[in-house]
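Bear in mind these aren't lab numbers, they're just calculated from the coordinates by the rules spelled out. Just so we're clear, the structure is a prediction, and the values are computed from it rather than from any experiment. Note that we place each Cβ from the backbone using ideal geometry, even for glycine, and neighbour counts take in every protein chain shown.
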Amino acid sequence: MGKAGTGNFLEDFRAGQEIRHATPRTLTEGDAALYLALTGSRFAQGCCEPLARAAGLPRSPLDDLLVFHTVFGKTVPDMSLNAVANLGYADGRFLAPVYPGDTLEAVSTVLGLKENSNRQTGIVWVRTTGRKATGEPVLDYVRWVMVRKRDAAAAVAEAAPPDLPAFVPSERLVIPQGLRAAPVDPAVTGSPWLWEDYEVGERIDHVDGMGVMESEHRLATRLYQNTARVHFNDHVEKAGRLGRTIVYGGVVISLARSLSFNGLGNAQNILAINAGRHVNPCVAGDTVRAWSEVLAKAELGPDLGALRLRLVATRDRPCRDFPLLDAAGRHLPEVLLDLDYWVLMQRRR
Amino acid sequence: MGKAGTGNFLEDFRAGQEIRHATPRTLTEGDAALYLALTGSRFAQGCCEPLARAAGLPRSPLDDLLVFHTVFGKTVPDMSLNAVANLGYADGRFLAPVYPGDTLEAVSTVLGLKENSNRQTGIVWVRTTGRKATGEPVLDYVRWVMVRKRDAAAAVAEAAPPDLPAFVPSERLVIPQGLRAAPVDPAVTGSPWLWEDYEVGERIDHVDGMGVMESEHRLATRLYQNTARVHFNDHVEKAGRLGRTIVYGGVVISLARSLSFNGLGNAQNILAINAGRHVNPCVAGDTVRAWSEVLAKAELGPDLGALRLRLVATRDRPCRDFPLLDAAGRHLPEVLLDLDYWVLMQRRR
Amino acid sequence: MGKAGTGNFLEDFRAGQEIRHATPRTLTEGDAALYLALTGSRFAQGCCEPLARAAGLPRSPLDDLLVFHTVFGKTVPDMSLNAVANLGYADGRFLAPVYPGDTLEAVSTVLGLKENSNRQTGIVWVRTTGRKATGEPVLDYVRWVMVRKRDAAAAVAEAAPPDLPAFVPSERLVIPQGLRAAPVDPAVTGSPWLWEDYEVGERIDHVDGMGVMESEHRLATRLYQNTARVHFNDHVEKAGRLGRTIVYGGVVISLARSLSFNGLGNAQNILAINAGRHVNPCVAGDTVRAWSEVLAKAELGPDLGALRLRLVATRDRPCRDFPLLDAAGRHLPEVLLDLDYWVLMQRRR
């Protein structure tokens, strides 16, 4: 192996293996501004310092998804440089807010390994923890990814996939340190609707659409220091399956979350990522729309609650009819993302 | 109405109605850097801290147009989500510099309402004030916009349009707090020309051209949290009048102002927006050029003066012949912007 | 000449002439975030505050190439607005790290002048120094550029080209103030390889490729306040030699340097630019790849060393066979950049 490295292949992983990922990253107000310009996020806690302070935080935290993508990006050179596909997320929890000036590190532990019958590829399950340079964990999640083998003949140290919860139970949700309920003013947050106003089963069309352009998804993905080649190497990807680079799935998550402001303006911190799949690829030129379904509700105290939401993103298709599955139960080709997450929302006082 | 909201239609407005717009926005050094990268602005006060301090300011203020676009952006979900066209600006004054760390809020008052004879649309006049979270006003302007009706049959509470001044008289211009004349060094500001060097009637071709690309105008417009669909929803706009998204008019204003550095390097703070119209739409691919005419001059004290400038932006057309109107007195199709504003400039001491 | 200025032509220069360039520029964390998003740089010193402090620095310095491009950008309106081509760099040294909050100024001295036999153009050699507002120099380099004459008949004050060193001798390299060797942890820097691990003559393929898109190169070039028209005026350049705007050569340098993380993760500060040429133009759509050759090694003390590297960037061509020259000794058409620089790297302790 040359000095440039070629990433790990399936046969390089072992269950129990711990991998510390380079490079730690100090996030700043500059990253926050870029995240806003790339996503158009309007959630008030992230862009309005007085509101963040009124809610008991020292200042506006960085967007939870900026934190997620930064931690995820660090894992790419070790975990998914030779990936065929990112198959899913589970059991993800946000454990502490991250502020400008904090430095994030990422460390992963291999949980399970399974070779595919073709012996060319297989699946790796891995738990990744993001933490501050102080050691404080900020994020913890499992993902599984289909990875190539370097050598089809090589032996793979198979290990049973982990037992993953269908969703994070509400008792395990962590309320951001210091956060308290603050008076909600629709002129500040853009929405009068609080936790009590949402019902399980309710669906919300987020109305707007956001086109994704080449430069936008690449600026975002570089901001996260995610080096996966499929997002950047136009010369190679022109000859590939899609005829162009593929948009990092996290870009779609961020756009869908940003669009969800229309109807979920008072959704505050993301508390957990229960499950998630990028069911179809997104490429530049696609217009992302989104809708949400309230899957469950949980009380987190007298003033705070959580909504468990299904967030679905589509491309080039309005969401007023909440597109998701076809008659056979498969995701429609226009569906990009099917994400299940918990978000914090204040209760009426 | 669902939780996502659909914005106000003509019949929803009443003269005297006050609307506080979500979401307040804390601007930072990150936003300043992005504004510079998006516009290429070179005016020294905004990018050279020592110069700003020599001029009596605590540090470099944020660009006046970044402030304007941020305040304007907040009004979009309430005022112009259902707009057909943004018709004009008048009586705009900048009242205080804004610094990184300041939080901007926007509040609007409806001034007048007029239904069009087709009963499908009408015009709303509104005065918008941007202020800091401390309550200090930073910006005040009137705009009028053509808005759709939800229901053609609905009654409209017509109210006479406001009486608007043709321009802000120089006595009403507000010199930024603390600002004083500092020695002008062309090696710092890029120009030896001061207030005395400009004559009423003088025209200046700003020479350079700046192409507008899809990602650039969208990054800017998202930075301003301006959610107007015509700028972002490619899927819908492909089937629209222009066959693509339209560039937010404020992007054109910023590019033209940035280009005006060539010939107006010592133009400092914008003091007023007297009038302005986006006379033709701009789309990605257009190359913006600009020229200025000195409309008037005013003394603001022994050391400071103001120039009242007409700033004209064109697309795909050089400005050495100062293109503006055709023989019939209509704006040429290559003209994008016709803006009338006051700018502060030092006098010779 | 109108107030807008038209830049200097060949006959406007004189050997010994000193030109102070507008506008000084205060760089911030916002610029650092943009630089990272535009280049994808992962070198740890620049994005990991704890590492920078462990290495004796007060905080993460701004990327050396951000500093270079900022200083270079300031020279454009005076030196190369009427340039035909930027021919080369030599004798460049980085003299002090630059931190967020520092303000950069640029001043140039004309070293030599030579008219071409066609009398339409000629070559100017110039030494440019970048310094902080405090007067501390941060960067010093020579470049030469082919410039148009305003008037072919005009006399040119020819002056002998300067005697330029083939490379900066290692004794003249300046170790950044305060920098000391810190324990190297591959989980932090992404690489286990230190100064001792590199051999003269060794070549490294940096493996990845990075496509350059229109908006990305223009955002970068505006961030550097580089106003050269060939990068921005699509209307004019559509009819030009390449049929589109050309990518600022500095963008290619930055992308190649960023890619060189793959194999040179422990390369720290750039100490010198020995020589460099943009041998072919880059346009949007090109995918940049890069490879390096170790040209020389130097000890800078018991803990620190320097590598003299040749950094070659290509477009749309993998670098596993290290493409450079054709049989006739000319650069291949796929080669964009041939750069010779010194970089600091720690030694094993």
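Brief remarks on what is shown
- Global form of region C:137-252, assessed from the alpha-carbon gyration tensor, a/c cut-off 1.5: oblate
- Rounded Å value of the spacing that divides the Cα centres of region C:125-195 and region C:227-263: 21 Å
- Contact order for region C:41-89, expressed relative to its length and based on alpha carbon pairs under 8 Å spaced 6+ residues apart, stands at 21 percent.
- With the charge dipole of chain A set up from +1 on Lys and Arg Cβ and -1 on Asp and Glu Cβ about the Cα centre, the Cα lying farthest toward the positive end among the listed residues A:Met345, A:His231, A:Ala153 is that of A:Ala153.
- Inter-site label distance for A:Glu158 and B:Ala166 at 7 Å from Cα along Cβ, in nm: 8.7 nm
- In a DSSP loop and with at most 13 other Cβ atoms within 10 Å, the trypsin sites (Lys or Arg not before Pro) in region C:290-321 are C:Arg320.
- Contour excess over end-to-end distance, with Cα ends at B:Ala239 and B:Val200 and 0.36 nm allotted per residue: 9.5 nm
- Counting, for every residue in A:37-49, the Cβ atoms of other protein chains within 10 Å of its Cβ and taking the mean gives 6.
- With the simple spin-label model, which puts each label point 7 Å out from Cα in the Cβ direction, the B:Asn118 to B:Leu325 separation comes to 2.7 nm.
- Counting from the shortest, the label point at C:Gly2, 7 Å from Cα toward Cβ, is 5.2, 5.3 nm from the same position in each remaining copy.
- FRET efficiency, C:Ala187 to C:Arg348 (Cβ-Cβ, R0 22 Å, nearest 0.05): 0.80
- Copies compared at C:Leu325 - label distances in nm, ascending, label defined 7 Å from Cα in the Cβ direction: 6.6, 6.6
- Potential extension, C:Leu87-C:Arg53 segment - 0.36 nm per residue separation minus Cα distance: 8.4 nm
- Modelled label positions at A:Arg14 and B:Asp151, each set 7 Å beyond Cα in the direction of Cβ, lie 7.3 nm from each other.
- Peptides B:339-349, B:234-244, A:335-345 ranked from most to least packed, by the mean per-residue count of other Cβ atoms within 10 Å: A:335-345, B:339-349, B:234-244.
- Per-residue ³J(HN,Hα) for region C:316-321, Karplus 6.51 cos²θ - 1.76 cosθ + 1.60, θ = phi - 60°, Hz, x for Gly and Pro: 6, 8, x, 10, 5, 9
- Cα point-scatterer Debye curve for region A:228-306, base-10 log of I(q)/I(0) at q = 0.11, 0.13, 0.18, 0.21 Å⁻¹: -0.43, -0.56, -0.86, -1.04
- Computing FRET efficiency as 1/(1 + (r/R0)^6) for C:Asp303 and C:Val283, where r is the C-beta to C-beta distance and R0 is 45 Å, gives about 0.55.
- With its label point defined 7 Å out from Cα along the Cα-to-Cβ axis, B:Gln177 lies at 3.6, 3.6 nm from the matching points of the other copies, in increasing order.
- Helix-derived mean residue ellipticity, 222 nm - over the protein assembly as shown, DSSP H n ≥ 4, -39500 (n - 2.57), to 500: -5000 deg cm²/dmol
- Relative contact order of chain B, pairs being alpha-carbon contacts under 8 Å that are 6 or more residues apart, as %: 19 percent
- Overall dimensions of the protein assembly as shown as given by Cα atoms, namely Rg and Dmax in Å: 28.7, 86
- Rounded to the nearest 20 debye, the dipole magnitude of the protein assembly as shown is 260 debye, with +1 charges on Lys and Arg beta carbons, -1 on Asp and Glu beta carbons, and the Cα centre as origin.
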